[in-house]
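The values are calculated or read from the model by the stated rules, or taken from the named source; none is laboratory data. Bear in mind the structure is a predicted one, so any value in this text is a computation, not a measurement. Ideal geometry is used to build each Cβ from the backbone, glycine not excepted, and the neighbour counts take in all protein chains shown.
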Amino acid sequence: MERLASEVVACRACAAAGYLAHANPIRPTLIANPRVMLIGQAPGPVTDRKGYHFAGPAGRFLDIWLDRAGFPPGYFRAHVYLTSLTRCFPGKSPSGNGDRPPSRAEIALCRPFLEREFQLIQPSVVLLVGKMAIEAFLGRHPLVETVGHVFRMRERASAVRRQPGEGTPVFVPLPHASGVSRWLNEPAHRARLDQALAELGRLRAELGL
């Protein structure tokens with residue numbers, strides 16, 4: 001993991017390909033024996049400035065969501081391996097409305113890092129946060145068809161190659177956690193988040209997380 005972290009920090013692939021004017025890969029936070037991995041879309045501006053994953057409002061919401069799922073206080077930072085589809089802040093959207101989503105080419109350049117993280121960590125539970133992370137593993141489906149449900153690798157997820165001897169993680173989709181997501185304005189959607197957190201709480205007890 002130390003070697004992987006060093007390679008992430010040294011990567012300049014997206015800048016060399018012309019996708020970014022400046023590369024600033026976020027160094028993975030090394031956690032002893034994490035059993036939960038959380039995958040987001042890409043670092044945001046606060047993470048880019050502070051240098052650790054989910055440093056902005058999304059991190060605060062995710063901390064609260066794990067508390068609601070019955071995890072002990074501080075579990076989010078102390079025991080969850082935090083990562084994302086890409087490792088650099090993509091920059092602001094050209095329209096001026098929010099951040100620019102990373103392109104498929106940028107995601108592909110970062111994919112080897114994510115595959116190695118799966119191989120090294122072998123998580124029991126993978127939290128997919130936001131539409132892009134969910135689509136990368138479960139395919140393109142409306143959030144209402146994924147949030148509130150859990151999925152096994154063998155059922156629908158094929159984005160990461162498994163190695164012999166690796167376990168089968170459970171994927172738990174969650175909506176974007178920035179606090180500005182309009183999706184959660186709908187009561188029915190908030191109920192789906194409640195169901196997702198209830199499923200996560202069940203997995204916490206069932207797997208002894």
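The strands (runs of 3 or more DSSP E) found wholly in segment 34-133 and carrying at least 2 residues that are over 27 Å from His22 (Cβ atoms) occupy 36-40, 125-129.
Have a look at Thr86, Thr29 and point out the one that is under 25 Å from Leu120 (Cβ atoms) and modelled with pLDDT under 95. Walk me through it before giving the result.
On the way: Thr86 fails: modelled with pLDDT under 95.
None of the other options fit; the residue is Thr29.
For segment 62-89, the set of residues classified as touching a Leu at 6+ places or on another chain (Cβ under 6 Å), of a type in the set (A, V, I, L, M) and over 18 Å from Lys50 (Cβ atoms) consists of Ala69 only.
Each row is one residue, and each column tells you yes or no for (1) surrounded by fewer than 18 Cβ atoms within 10 Å (Cβ to Cβ); (2) at pLDDT below 95.
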position: Arg161; (1), (2): yes, yes
position: Val170; (1), (2): no, no
position: Leu174; (1), (2): no, no
position: Gly179; (1), (2): yes, yes
position: Ala188; (1), (2): yes, no
position: Arg192; (1), (2): no, no
position: Leu197; (1), (2): no, no
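Residues in segment 57-72 that are more than 21 Å from Arg35 (Cβ to Cβ) and crowded, with 19+ Cβ neighbours inside 10 Å: 2 in all. When Arg140, Arg49 are checked against the criterion of being closer than 22 Å to Leu184 by Cβ and loosely packed, with under 15 Cβ neighbours inside 10 Å, a single residue qualifies: Arg140.
Is it the case that Ala133 is buried (at least 16 other Cβ atoms within 10 Å of the Cβ) and in contact (Cβ under 8 Å) with a residue 60 or more places away in the chain? So that I can check it myself, show each step before the final result.
Working: buried (at least 16 other Cβ atoms within 10 Å of the Cβ): yes; in contact (Cβ under 8 Å) with a residue 60 or more places away in the chain: yes.
It is true that Ala133 is buried (at least 16 other Cβ atoms within 10 Å of the Cβ) and in contact (Cβ under 8 Å) with a residue 60 or more places away in the chain.
Restricting the first residue to segment 96-117 and requiring it to be under 24 Å from Ala32 (Cβ atoms) and modelled with pLDDT of 95 or more, which pairs with a second residue that is among the hydrophobic types (A, V, I, L, M, F, W, C) and outside any loop (DSSP other than H, G, I, E, B) meet a Cβ separation below 6 Å and a spacing of at least six or different chains? If the second residue must be among the hydrophobic types (A, V, I, L, M, F, W, C) and outside any loop (DSSP other than H, G, I, E, B), the pairs left are Phe113/Val8; Arg116/Leu4.
The residue pairs whose first member lies in segment 38-55 and is in contact (Cβ under 8 Å) with a residue 12 or more places away in the chain, whose second member is of a type in the set (Ser, Thr, Tyr) and in a helix (DSSP H, G or I), and whose beta carbons are closer than 7 Å, counting only pairs six or more residues apart or on different chains, are His53/Thr47; Phe54/Thr47. Checked against (1) surrounded by fewer than 19 Cβ atoms within 10 Å (Cβ to Cβ); (2) touching a residue at least 12 places away in the same chain (Cβ under 8 Å), Tyr75 meets all criteria but (2).
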